[in-house]
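Taking it in order: structure first as structure tokens, then the write-up.
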Amino acid sequence: MALRVFRSNQIEQLFLALAQELAQGPSDPLAPQWLVTQNPGMNKWLELKLADHLGIWAGGKVLFPKRLVEQIVGVGEHYQVESMALALFSQLSHLEGDPEFVVLSNYLKTASTPLDRWHLARKLADVYDQYLVYRPDWIRGFERATPPADETPEARWQRLLWVKLVAQLGPDHLVCMADRFFSQLSKGIHPTHLPEQISVFGLATLPPLFIDIFSALGDFAKLDLYQLCPTNEYWADQLNKKALLKQENRAAELKENFDLLYYESGNRLLSFLGRMGQEFQFLLEQKANYQEGPELFVFPKANSLLGQLQQDIYQLTNPEVTPPLAWLETENSLEVHRCAGALREVQVIKNRILATLNEDPSLSPADVLVLVSDLKIYAPLVPAVFGREPKIPYSLADQNLEEEVPLVALILEILALPEHRWSLSEVLGWLAKGGVGRRFGLDDHDLERARDLCLRAGIRWSKNETHRAELGQPSERSHTWAWGLDRVVLGYAMDDEETWEGILPLRGVEGLDYNFLGPLMEVLGFVSRLLDQAAVPKSLADWAQVLGRWANDLVAEDRAYELGLWQGLMSQLNQLELADTHLDRRSLADLLGRIGGNSSAARGFLSHGVTVCGMLPMRSIPFKVICMLGLGEDQFPAQRRPVSFDLATNWPRLGDRSKKEDDKYLFLEALLATRQRLILTYPGLGQTSNQTSPPSVVLLELLDYISLRYKNANRKPVEFPIQSHPRLAQSLKSFDPNFPLLANYSPIDFNAAQAAWGQLKVRSFFELPLSPPAPLQLNLADLIRFFRDPLAGFFRWGLGLTLEEPEAPLPDREPLELDPLEKHGLGDFILSTELGPEEIWARLEAEGKLPSGPAGRLWFDQAWRRYQPVLTAQAGYLAGQTVKPPVKGRITLGEVDLQGELGGLWDKGLVRASASKPHGGLLFKTWIEHLFVNALVGPTQTALFAAPEKGRRGIHLIASPDAKAILTDLTKLFLAGCRRPLPLFTKEAWVFAQSYLKNPEKVDFKWQGTHPPNTTPAYKKLYHNQDLLNDPLCQEVQEEFKALALRTFGPLLKAEGRR
């Protein structure tokens, strides 16, 4: 009996051989059959295929290679990487000041937190784990009584630390137990706990120590190795270009004739990508005593470019000595796309999948695999793109628990924060994650209301003034949670004009708001207790109990799946328990993140539609269509910086793992595993310019090979066509049938492209105007609101929709300065109140509207001085006048009854004051109020006092005897605006009307202000990126705008008198 090796260039043939062997079954029908694979994805694929092929598959025991070896030789559980890290964390706490560990001691002196010590322990554990697998002779040397004479300082402290680690954990580590295993075999003592058969499937490499163990195991047990091999030839001696150049240079140095020397170059693509497989084949031939299984290789068909590449690799074809092939212009089995960023890559891949499915109706989304170089970058983009029409079913695999399960993400976030500031976004984010809000009776609507209340109450960060002082900040109560919630409670219980202990009650607190205030405060108290529990380092067992209670208390009843995953994580944590090891919360969060990352299993892999997953080594599962994203120069192969004290990086050996070589071999496996089409993308275009960047070196090597292998009709090397995509998905080129490889199938993008590039005629939101509204009663405030933004008014009163502005990030700091909107609000308050400056200051401070301390007083004093001219002018105008009671009434204006109430009437008429400069929106609001008063009580003049602009401080409107007729016309515009969008923009219309009446020949259209109307949600929804005022294709709309501007502002200009 000996180790049997089955080889094939197709994983399907290896599977059939495996299924044939497994179908025979063990002598005990209840005994599990052991399968060994490299990753959970391969496990899932094998289980599904075996169940389909055999009719049923159950009771199999699936292991990874290292776990199998540990079970064979009997390695102790405490030599898992996480357990070693915990033990080293404990050891490091005693090394500071030890002369034997000067390097570590110096680092530990600079480590400011336990997390720094934990990170060092974790890196040391990773290095020792690699030594155990790839440098067993070093481990044996560490444990010898006499150290070697040439021992370096780095090796010395690592040896001494290893001795301490073994003294703590015991001698049953991999190297010691493997030596014991070989010793027992030499004495004829065989393990008795192994099954009749072990099948190792789909591996592309194994450490030399594992090969020795498998070879020895094959002498007395049935052990089959199913190896995916790109060729049936011996290819371990193939040299790539770099290696050949080194040999040529060496020959020149030795004055030898290089042409007379024999070096096997073979297929340059295989030698460049396949180093990892070459080394495995060499080690297998050198170290293993094995029998060859039956011939399973399949000669690839060269019926496409992809098939030709696979055949070249199989035959070890050297393109430099082989006659070139004629290029087929219809070739479509290999595509390369250059995109402007990760989002465009995902959009392009979606469209190429749709095109491929449309070309071949026999394909389904399940036949497509999408590999991405970085899941953290691409995973969030996939739902946003694949979930839009036309939708493609998909599943995301390889995500760790933190990325996949909101409950895990929430608890790890709470544990990992360096200090809990209790910022507004932080706390509200906790409530929204993992169903925590629902657990305390707060639904999504309640959370939205809570968000609004907290914002209005001025809550920004910290629990209270004591908590703020603990964080090294001034002990001020304003803008804390305690201060803000007091404002909410007082707003429910008191008059909002009175202060209580320097706190101003919050206005507008309703009874329904108070209903969820209790649950909100309960959540805050609960989280506070959680953080208090997490403040002290604990043993892993204690942490498991505490975190188990956290999860039970935090998660809602409908999240049982998440709770089960969390309990599984806690079970793994319990298994790592070591005596006298206590972790702080941040180190624990890192540990849990690593455990969660290692326990991703095969969730999402081959479960539904297109499989989107990471580029994991040895993922050689065949798919009809494979897409690879993120093949940028600095993305793939990944460059992993070695740890500075990893001795193995200075003395590499055959069989060592390298992230770079792993990724190159993964690319080779994807090339061989694709059955119909391979689609490659890379972010090679600038997102704001046409500057290009090169793709990955593996992609360049592939393109170079193709140019050597193929010639065009002119007998010149082929330059493989790279499809360069527009920076925006809304480009018209993406919808041009002359560019099928750039095709975009999104109807939303199509409409946006037509509008953005001027090929979509500007029209109303609907083809026909809406039905006219029934006779209605209209409030004066609503009429003013409509003319503030007629496009938004169409949605609100015509369609019954309210378009919200994009949600701004929550403010997490108390105000340090005032933004323009806050300055305007401060000015309006100063101009509208009868309070004196000290009373205004006290009220604003109690409301938290100003920065704390002297800075707030400085802002207030500046604002007070700024608006003094307006106050003085207003006071002079009102001198000797008395204020009149508010007027209230209703006016019938055709089909509309206009009703309203207005204050601010004095003996001389209506008086208004504003902190804004006299722009069109402000003037038109004042104009409507002026008309209403004139129509209701008779001829009345109006005075508006505003911030100075070019020597102007407002306007004076004379009495309007035809006010009712003008108001009637405005209500007609309101009704028309309810049926279709009106292109009326008040600020722009005011500027146009003034310039037009001065000189009709010299007018132009300019958007006004820092947030012009063409940036509003209503405008974007209706017209996308089209510029209605300046686009030459919008002349009809521009003429209507001119007419509306003169129709609305013409009467105002006739009634205006400057102040």
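The values are calculated or read from the model by the stated rules, or taken from the named source; none is laboratory data. Small disclaimer: the values here were computed from a predicted structure and weren't measured. All Cβ positions, glycine included, derive from the backbone under ideal geometry; neighbour counts span all protein chains shown.
So, in the range 482-497, exactly how many residues are in a helix (DSSP H, G or I) and over 19 Å from L816 (Cβ atoms)?
Of the residues in the range 482-497, 10 are in a helix (DSSP H, G or I) and over 19 Å from L816 (Cβ atoms).
Before we move on, is A469 modelled with pLDDT under 85, assigned to a helix (DSSP H, G or I) and either of a type in the set (A, V, I, L, M) or surrounded by fewer than 18 Cβ atoms within 10 Å (Cβ to Cβ) (or both)?
no
So which residues in the range 346-369 are out of contact with any helix residue (DSSP H, G or I) (no Cβ under 6 Å at 6 or more places or on another chain) and either under 27 Å from L270 (Cα atoms) or of a type in the set (A, V, I, L, M) (or both)?
Answer for the range 346-369, where residues must be out of contact with any helix residue (DSSP H, G or I) (no Cβ under 6 Å at 6 or more places or on another chain) and either under 27 Å from L270 (Cα atoms) or of a type in the set (A, V, I, L, M) (or both): V348, I349, I353, L354, A355, L357, A366, D367, L369.
Which residue, of P981, P961, is assigned to a loop (DSSP other than H, G, I, E, B), of a type outside the set (S, T, Y) and closer than 28 Å to Y1019 by Cβ?
Testing whether each residue is assigned to a loop (DSSP other than H, G, I, E, B), of a type outside the set (S, T, Y) and closer than 28 Å to Y1019 by Cβ leaves just P981.
Pull up the range 710-737, narrow it to residues that are touching a helix residue (DSSP H, G or I) at 6+ places or on another chain (Cβ under 7 Å), of a type outside the set (G, A, S) and not in a loop (DSSP other than H, G, I, E, B), then point me to the one that is nearest to G307 (Cα to Cα).
P717
Output the number of the condition that L850 fails; it satisfies all remaining conditions of (1) touching a Pro at 6+ places or on another chain (Cβ under 9 Å); (2) outside the structural domain of E929 (by TED's automatic domain parsing); (3) not in a loop (DSSP other than H, G, I, E, B).
Only one criterion is unmet by L850, namely (3).
Looking at the range 337-349, can you tell me whether even one residue there is assigned to a strand (DSSP E or B), within 24 Å of Q730 (Cα to Cα), of a type in the set (D, E) and in contact (Cβ under 8 Å) with a residue 24 or more places away in the chain?
no
Would you mind stating whether G954 is out of contact with any helix residue (DSSP H, G or I) (no Cβ under 7 Å at 6 or more places or on another chain), closer than 29 Å to G827 by Cα and either not in a helix (DSSP H, G or I) or not charged (D, E, K, R) (or both)?
Yes.
Select the helices (runs of 4 or more DSSP H) contained entirely in the range 32-150, then report the ones holding at least 2 residues which are over 16 Å from L161 (Cβ atoms) and modelled with pLDDT under 90.
40-54, 102-110
Report whether or not L791 is part of a loop (DSSP other than H, G, I, E, B), touching a helix residue (DSSP H, G or I) at 6+ places or on another chain (Cβ under 8 Å) and at pLDDT 75 or above.
Taking the combined requirement at face value, the residue does not satisfy it.
Take the range 450-466 and flag every residue that is within 17 Å of L428 (Cα to Cα) and in a helix (DSSP H, G or I).
Scanning the range 450-466 gives A450, R451, D452, L453, C454, L455, R456, A457.
Would you call L818 under 45 Å from the mean Cα position of the chain (by Cα) and not assigned by TED's automatic domain parsing to the domain that holds K972?
yes
I need the full set of residues from the range 365-379 which are more than 17 Å from P683 (Cα to Cα) and not in a helix (DSSP H, G or I), in order please.
V368, L369
Kindly check whether there is at least one residue in the range 826-839 that is in contact with a helix residue (DSSP H, G or I) (Cβ under 7 Å, 6 or more places away or on another chain), in a helix (DSSP H, G or I), at pLDDT 80 or above and over 30 Å from F985 (Cα atoms).
Checked the range 826-839: at least one residue is in contact with a helix residue (DSSP H, G or I) (Cβ under 7 Å, 6 or more places away or on another chain), in a helix (DSSP H, G or I), at pLDDT 80 or above and over 30 Å from F985 (Cα atoms).
Go through the residues of the range 1046-1054 one by one and say whether even a single one is part of a helix (DSSP H, G or I), under 44 Å from the mean Cα position of the chain (by Cα) and closer than 27 Å to G894 by Cα.
No, that holds for no residue.
I'd like the full set of residues that are in a strand (DSSP E or B), β-branched (V, I, T) and closer than 16 Å to D634 by Cα, limited to the range 672-698.
T681, T692
Going by the structure shown, is I966 outside any helix (DSSP H, G or I) and of a type in the set (A, V, I, L, M)?
no
Considering only the range 388-416, how many residues are at pLDDT 85 or above and touching a Ser or Thr at 6+ places or on another chain (Cβ under 8 Å)?
6
Would you be able to tell me the number of residues in the range 380-394 that are part of a loop (DSSP other than H, G, I, E, B) and either within 17 Å of C339 (Cα to Cα) or in contact (Cβ under 8 Å) with a residue 60 or more places away in the chain (or both)?
Qualifying residue count, the range 380-394: 5.
Just the residues that are at negative phi, surrounded by fewer than 18 Cβ atoms within 10 Å (Cβ to Cβ) and modelled with pLDDT under 80, please, taken from the range 494-516.
M494, D495, D496, E497, E498, T499, W500, E510, G511, L512, Y514, N515
Which condition does A457 not pass, out of (1) surrounded by fewer than 19 Cβ atoms within 10 Å (Cβ to Cβ); (2) more than 28 Å from the chain's Cα centre (by Cα), if it passes all the others?
Every listed condition holds for A457 apart from (1).
Can you tell me how many residues within the range 186-215 are out of contact with any strand residue (DSSP E or B) (no Cβ under 9 Å at 6 or more places or on another chain), part of a helix (DSSP H, G or I) and closer than 23 Å to A31 by Cβ?
Residues in the range 186-215 being out of contact with any strand residue (DSSP E or B) (no Cβ under 9 Å at 6 or more places or on another chain), part of a helix (DSSP H, G or I) and closer than 23 Å to A31 by Cβ: 1 in total.
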